[in-house]
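The values are calculated or read from the model by the stated rules, or taken from the named source; none is laboratory data. The structure presented is a predicted model; accordingly, all values stated were derived computationally and were not measured. Using ideal geometry, Cβ is built from the backbone for each residue, glycine included, and neighbour counts are taken over all protein chains shown.
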Amino acid sequence: MLESIEVTKKFVGKVAVDGINMQLEPGHIYALLGPNGSGKTTWMKMAAGLIKPTFGEIRYNGEPIGIETRNDIAYMSTEPYFYDWMTVGDVGNYYQDFFKDFSMERYDYMIGQMTLEKKLKVKSLSSGMMAKLKVAATMARDVSVYMLDEPLNGIDLLARDSVMNMILQAAGENKILLISSHLVEELEAVVDKAIFIKEAHFAGIVDVEELRTVDGISLADKYRQVFAGIEVGGVQ
Amino acid sequence: MQYDSKVPIYLQVINMIKTDIINGRITCGQKLPSSRDLAVEYTINPNTAARVYQELEREGVCYTKRGMGTFVTEDEQIITGLKKEMAEEAIDIFVKSIGELGISIDEAIELLKQKEE
């Protein structure tokens, strides 16, 4: 279980995350939803151990986030993080050097499925190919928690299908998957839980099929309800 | 895969599978994919996929052989019943929309016949 206890992150002049309490359980794919600047990325970076909360704590199976939990939690950030000189094959080797749990076999399989060639230079990749490469490298790790920050941004329909496919193949009873996205509609059928983050605060968690079964509304409808009155989207 | 995001996904997938069984794309007694594979194939959450099989089993459309997987029933009667049930649903929708247009059943039958010719 991934647990966020009163997690707060302050940057100079700004509270990015404010007292977030929530629990993520294995066996679910969660959407992390909120407009730009609501604190989703900051929260994920804290769960990945890249930055530390100002107050509060994130725990994984009771263990505070740190060097140890990095072996359990894979995080894909929005920023590109490969060197220009690397080829798709080099990215695999680089990950293998970094992470004991990285499976080259799984990486090769996903790369093949997505028609990415190993000899291609990272520099030459289109944004869709780059997005697929980032997801493949992250999902080729064998961990219990996968956090993907905006995996669907700026990519075409076919690339989205492959990304969704990889996400679903990695899901399982013992895994926690967390996906942030602005593209709520794209996640409707894939996630089963959705967490709303509104202006740095936790603004609720819903069961997505229950929304449709009980209330007859879609996740996008619920999103509009939760965020109505504040500007949605905007310029990044 | 395109879904109506206001209608429970498990019901939509159940209907697709039932339709495939009725028109023979999926045959009696055929082994169905594991719920994990079903999730990938239909691009749905794995918990939704598990629910699809639970419901289909509850309705007698499928059954699970321990350690072997999920199979379509071999009972033709269930499939005939399924066809009738789905036809009724389609007719209900048709009758409702035609009613909203102020067209009587008799007029609708006449229109259907014209369509056939």
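Please work out if B:T80 is assigned by TED's automatic domain parsing to the domain that holds B:T27 and surrounded by 11 or more Cβ atoms within 10 Å (Cβ to Cβ).
Values: assigned by TED's automatic domain parsing to the domain that holds B:T27: no; surrounded by 11 or more Cβ atoms within 10 Å (Cβ to Cβ): yes.
Criteria not met by B:T80.
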Could you look through the stretch A:187-236, keep only residues that are at pLDDT 90 or above and of a type in the set (G, A, S), and pick out the one that is surrounded by the fewest Cβ atoms within 10 Å (Cβ to Cβ)?
A:G216
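Just checking, does the stretch B:21-39 include any residue being within 9 Å of another protein chain (Cβ to nearest Cβ), free of Cβ contacts under 8 Å to residues at least 60 places away in the same chain and touching a Pro at 6+ places or on another chain (Cβ under 9 Å)? Talk me through it step by step, then tell me what you get.
At the first step, the residues of the stretch B:21-39 found to be within 9 Å of another protein chain (Cβ to nearest Cβ) are B:36, B:39.
Still in the list and also free of Cβ contacts under 8 Å to residues at least 60 places away in the same chain: B:36, B:39.
When the remaining residues are screened for being touching a Pro at 6+ places or on another chain (Cβ under 9 Å), the result is B:36, B:39.
Looking through the stretch B:21-39, at least one residue is within 9 Å of another protein chain (Cβ to nearest Cβ), free of Cβ contacts under 8 Å to residues at least 60 places away in the same chain and touching a Pro at 6+ places or on another chain (Cβ under 9 Å).
May I ask you to verify whether A:V184 is crowded, with 18+ Cβ neighbours inside 10 Å, out of contact with any Lys or Arg (no Cβ under 6 Å at 6 or more places or on another chain) and facing chain B (nearest Cβ under 7 Å)? Spell out how you get there, then give the answer.
Values: crowded, with 18+ Cβ neighbours inside 10 Å: yes; out of contact with any Lys or Arg (no Cβ under 6 Å at 6 or more places or on another chain): yes; facing chain B (nearest Cβ under 7 Å): no.
For A:V184, the condition - crowded, with 18+ Cβ neighbours inside 10 Å, out of contact with any Lys or Arg (no Cβ under 6 Å at 6 or more places or on another chain) and facing chain B (nearest Cβ under 7 Å) - is not met.
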Can you spot a residue in the stretch A:79-102 that is among the small types (G, A, S) and closer than 16 Å to A:A170 by Cβ?
no
Of A:L50, A:L125, A:L120, the only residue that is under 30 Å from A:V7 (Cα atoms) and at pLDDT below 95 is A:L50
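Among what's in the stretch A:145-181 and is charged (D, E, K, R) and within 15 Å of A:L133 (Cα to Cα), pick the residue that is nearest to the other protein chains (Cβ to nearest Cβ).
Taking the stretch A:145-181 first, the residues charged (D, E, K, R) are A:149-150, A:156, A:160-161, A:173, A:175.
Filter once more, so that each one left must be within 15 Å of A:L133 (Cα to Cα): A:149-150, A:156, A:160-161.
Values: A:D149: 20, A:E150: 19, A:D156: 16, A:R160: 10, A:D161: 7 Å.
Only one residue fits best here, namely A:D161.
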Taking the condition away from chain A (no Cβ under 12 Å), of a type outside the set (S, T, Y) and closer than 30 Å to A:D161 by Cβ, does B:I78 pass?
no
Write out, first by first residue and then by second, each pair whose Cβ atoms fall under 6 Å of each other, whose residues are 6+ apart or on separate chains, and whose first residue, in the stretch B:45-62, is more than 14 Å from chain A (Cβ to nearest Cβ) while the second is hydrophobic (A, V, I, L, M, F, W, C) and part of a helix (DSSP H, G or I).
B:G60/B:I78; B:C62/B:L56
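Filter the stretch A:4-32 for residues that are away from every other protein chain (no Cβ under 14 Å) and crowded, with 20+ Cβ neighbours inside 10 Å and give the result. Spell out how you get there, then give the answer.
Here is the first cut: in the stretch A:4-32, the ones away from every other protein chain (no Cβ under 14 Å) are A:4-24, A:32.
A:S4, A:V7, A:K9, A:A16, A:V17, A:I20, A:L24, A:L32, listed by residue number.
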Counting only helices (runs of 4 or more DSSP H) wholly inside the stretch B:5-61, the ones holding at least 2 residues that are within 12 Å of the chain's Cα centre (by Cα) are B:9-22, B:46-58
